[in-house]
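Have a look at the structure below before the remarks.
The values are calculated or read from the model by the stated rules, or taken from the named source; none is laboratory data. If you're wondering where the values come from, they're calculated on a predicted model, not measured in any experiment. Note: ideal-geometry Cβ built from the backbone for every residue, glycine included; neighbour counts use all protein chains shown. The protein model used for the area step is the full one, side chains on, heavy atoms only, and it has no ligands, DNA or RNA in it. Shrake-Rupley method; radii C 1.70, N 1.55, O 1.52, S 1.80 Å.
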Amino acid sequence: MPTEKCLHLASRREASLFRRHPWVFSGAVRQAEGDPAPGETVAIRSASGEFLAWAAYSPHSQIRARVWSFDPRERIGAEFFRRRLRQACDYRRKLGFQEGDAFRLVHGEADGLPAVVVDQYGPFLSCQFLSAGAEAWKKTIVDALAELPGIRGIYERSEAEARAREGLPLADGLLWGEEPPPDFTIREKGVAYRMDMPGGHKTGFYLDQRENRLVVDALAPDAQVLDCCCYSGAFGIRAALAGARSVTFLDDAPAALELAQANCALNGLAGDPRLAFQRGDMFTQLRKYRDARRSFDLIVLDPPKFASTQGKLIRAARGYKDVNLLAFKLLNPGGTLLTFSCSAAMTPEFFRTVVAEALTDAGRTARVARVFSQAPDHPLALNFPEGHYLTGLELRME
């Protein structure tokens with residue numbers, strides 16, 4: 001009989017798997033048996049030989065294996081992936097999402113498909129395959145996605161840093177069906193946005209902020225608003241439509257400001273004198289506003305990821321503290337700050353500590369009106385705290 005392909009754990013390193021955590025780190029592995037190939041399914045066994053899980057092998061990553069299933073009777077194949085996709089679809093359907101909506105269809109580990117991300121934008125799917133296991137089963141997963149009703153095209157945006165850590169090249173392009181049209185738009189709670197699936201951030205849009213953006217509707221009337229790192233302008237457009245006195249869209253990428261302007265036009269705001277578009281580095285521009293004694297009633301801080309790994313966390317904390325300190329100094333009395341972190345290494349508790357230190361250094365006081373998280377189509381799994389990557393606060397200044 002052929003040798004079983006498996007990973008034997010070192011002594012007393014199985015506790016996380018008993019808690020159903022889906023990652024096995026390289027330091028926990030004593031031996032790989034059977035010469036498994038990258039992405040191949042292996043059995044995870046304790047030091048005593050007890051079966052623990054079926055997982056995808058990643059020889060080049062510190063995360064040496066990602067668990068597909070903890071059931072010893074499971075067979076990892078096409079039917080397994082179809083079943084997991086059906087479960088993901090059922091969950092979103094119960095949340096109220098329909099086929100033509102824009103939402104996250106698969107959220108990696110929380111949906112039992114580690115390192116697989118699928119966002120649905122109407123009839124198009126935008127995917128990321130971010131591990132050796134996800135890459136190995138990509139065709140199987142795409143074939144299953146193509147069976148979903150109403151899907152016209154499946155596009156890949158596997159450009160994240162995570163692939164480099166897996167020893168995989170970046171990948172993007174059409175996987176199945178039709179290319180999305182260049183003028184493709186989606187609607188979110190009454191607002192239209194132009195989609196840039198091939199060239200936009202992430203899979204094309206920040207769906208995870210959907211519910212958080214709605215808060216702006218009640219805060220923006222007659223307010224002077226600053227939308228930092230505006231990208232598509234989603235926060236600022238809601239503010240303008242809600243009756244803001246002025247909205248400044250700030251981003252350091254010309255393409256982002258062009259997209260924000262295009263989205264303003266889609267929503268009947270072209271040429272609106274209340275709107276300004278400012279290109280510049282967020283840290284530099286906020287200092288310029290401070291020196292010019294500019295002030296705002298509502299500031300949105302939604303910067304890109306500052307810490308992709310734990311090793312970058314301390315430097316990231318300094319960045320978060322600096323930008324929040326600047327924002328506090330720009331807010332009028334009674335103003336509001338919506339501040340976010342999308343760095344998974346930055347826990348909600350640590351983020352609140354960093355923001356509190358910035359508030360103290362600014363000599364201001366504020367109340368926390370809301371605590372934000374990612375949208376429910378980006379679910380949190382209690383056995384996988386790393387999946388809680390988006391956190392935020394609504395702070396009302398005194």
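Could you work out which residue, out of D90, D302, D227, moves most in a Gaussian network model of the chain, that is, has the largest mean-square fluctuation with Cα springs under 10 Å?
D90
What is the magnitude of the charge dipole of the stretch 123-225 about its Cα centre, with +1 placed on the Cβ of each Lys and Arg, -1 on the Cβ of each Asp and Glu, and no other charges, expressed in debye to the nearest 20? List each step's numbers first, then the result.
On the way: 12 positive and 17 negative charges, 19 e Å.
Dipole of the stretch 123-225, to the nearest 20 debye: 100 debye.
HN-Hα J couplings of the stretch 123-137 from phi, Karplus 6.51/-1.76/1.60, θ = phi - 60°, integer Hz, Gly and Pro as x?
Coupling constants for the stretch 123-137: x, 10, 10, 10, 10, 10, 10, 10, 9, 4, x, 4, 5, 5, 9 Hz.
If I model a spin label as a point 7 Å beyond the Cα along the Cα-Cβ vector, how far apart are those points for E258 and R370 in nm?
If labels sit at E258 and R370, their model points lie 3.3 nm apart.
Calculate, in nm to one decimal, what K288 and A171 gain on full extension: separation in residues at 0.36 nm each, minus their alpha carbon distance. Spell out each step's value before the answer.
On the way: separation 117, 0.36 × 117 = 42.12 nm, distance 3.89 nm.
Gain on extension, K288 to A171, equals 38.2 nm.
Using a 1.4 Å probe and ignoring any ligands, DNA or RNA, find the accessible area of D377 and quote it in Å² to the nearest 10.
Answer for D377: close to 0 Å² accessible.
So who's got an amide H within less than 5 Å of the one on A115, skipping anything under 5 residues away but keeping other chains? H placed 1.01 Å off N, in plane.
HN-HN under 5 Å from A115: E109.
Please list, ordered by chain and number, the residues whose modelled amide H lies under 5 Å from the amide H of R30; skip anything fewer than 5 residues away on the same chain.
H8, L9, A10
Could you tell me what percent of the accessible area of the chain is made up of carbon and sulfur, with a 1.4 Å probe and every protein chain present?
Details: 8800 of 17340 Å².
About 51 percent, which is the carbon plus sulfur part of the accessible surface.
If each residue of separation counts as 0.36 nm, what is the full-extension length gain between D71 and R315 once their alpha-carbon separation is subtracted? Walk me through the numbers on the way to the answer.
Working: separation 244, 0.36 × 244 = 87.84 nm, distance 4.05 nm.
In short, 83.8 nm is gained.
So for the stretch 326-398, averaging the separation of alpha carbon pairs under 8 Å that are six or more residues apart and normalising by length, what relative contact order in percent results? Working shown, then result.
Numbers: 109 pairs, mean separation 37.3, N = 73.
Relative contact order comes out at 51 percent.
Quick check: Cα centre of the stretch 48-117 to Cα centre of the stretch 292-330, how many Å?
Comparing the Cα centres of the stretch 48-117 and the stretch 292-330, I get a distance of 34 Å.
Pick out, from L168, F351, A223, the residue whose Cα sits farthest towards the positive end of the charge dipole of the chain, with +1 on the Cβ of Lys and Arg and -1 on the Cβ of Asp and Glu.
Highest projection toward the positive end goes to F351.
Give K138/K321; K202/K312; K94/K202; K305/K329; K189/K305; K5/K138 a once-over and call out the pairs whose C-alpha atoms are over 30 Å from each other. All intermediate terms of the calculation are to be shown ahead of the outcome.
Details: K138/K321 40 Å; K202/K312 20 Å; K94/K202 25 Å; K305/K329 23 Å; K189/K305 26 Å; K5/K138 21 Å.
Checking Cα-Cα distances, K138/K321 exceed 30 Å.
On average, how much accessible surface per residue is there in the chain, in Å², for a 1.4 Å probe, leaving out ligands, DNA and RNA?
Details: 17340 Å² over 398 residues.
Spelled out: the 1.4 Å probe surface of the chain, per residue, equals 44 Å².
Per-residue HN-Hα couplings for the stretch 145-156, Karplus 6.51 cos²θ - 1.76 cosθ + 1.60 at θ = phi - 60°, whole Hz, x for Gly and Pro?
Those phi angles translate into 5, 5, 7, 5, x, x, 7, 10, x, 10, 10, 10 Hz.
Whole-Hz ³J(HN,Hα) for each residue in the stretch 62-78, computed from phi via Karplus 6.51 cos²θ - 1.76 cosθ + 1.60 with θ = phi - 60°, x for glycine and proline: what do you get?
5, 7, 6, 8, 10, 6, 8, 7, 9, 8, x, 8, 5, 10, 7, x, 4
Once you place label points 7 Å from the Cα toward the Cβ at R30 and E357, how far apart are they in nm?
4.1
Quickly work out the R274-to-V191 label distance, labels modelled 7 Å from Cα along the C-beta direction, and quote it in nm with one decimal.
So the two model labels end up 1.3 nm from each other.
Tell me, what is the 1.4 Å probe accessible area of K329, in Å² to the nearest 10?
100
When the chain is treated as a GNM, springs tying every alpha-carbon pair under 10 Å, which of F372, F235, F25 comes out with the largest mean-square fluctuation?
Among F372, F235, F25, the largest GNM mean-square fluctuation belongs to F25.
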